[in-house]
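All of the numbers you see were taken from the coordinates with simple rules; none came from a lab. Treat the numbers as computed from the prediction; the structure is a model and nothing was measured. Cβ placement follows ideal geometry from the backbone for every residue including glycine, while neighbour counts extend to all protein chains displayed.
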Amino acid sequence: MKRLCAIMIIALPLLSFGGQETIGYLGVSTQRLSEAMSVALDIDHGTLVERVHDNSPAEVAGIAVGDIIVDIEGVEITDHRSLKQAVEERPGATVKLTLFRKGKKMSQTVVLDEREKSTLRLDVDIPDLPDLKAILGTKELREDIDGLKQEIEQLKGEIDQLKKNLK
């Protein structure tokens, strides 16, 4: 039973990658707003645009490097994570962004793109309990564990490749 628990501890997080989902895409890279910038601009939240991707919704809408995105549709943006969440929740939507550009507050309308979220699917065949009792401690179980380890290593490689592709 301990071995089954160990397998599940390894496999369950990977199962969360299953399925396909459409998410929104803005097309910017951002960084945390420094405390000095917050004080100088009298802004208590936001994320600084450090790159606008070519042919992205952000580029089409005129968002520029140096802009500070402070909200989307009234949702306060505090960092990259909150921006990502607000965008991903609205695939294909036309949204109103509030941003600061050169110290001036302004609004910008953006039509977000849709993308398929990068996902992986892992199918695990867990034997019935009577079958499990029969194979506990057997060579077959050790081979299954070795096979699972290899699959996990392969999935790690695929995840790393997906991360590189998303950048």
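Okay, here's what the table says:
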{"read-out": "Loop-resident sites, region 20-113, for GluC sites (Glu not before Pro), counting at most 16 other Cβ within 10 Å (DSSP)", "value": "Glu21, Glu73, Glu89"}
{"read-out": "Lys, Arg +1 and Asp, Glu -1 on Cβ, resulting dipole of region 22-116 about Cα centre, debye, nearest 20", "value": "260 debye"}
{"read-out": "Cα-based Rg of region 59-104 normalised by 2.2 N^0.38 Å, two decimals", "value": "1.12"}
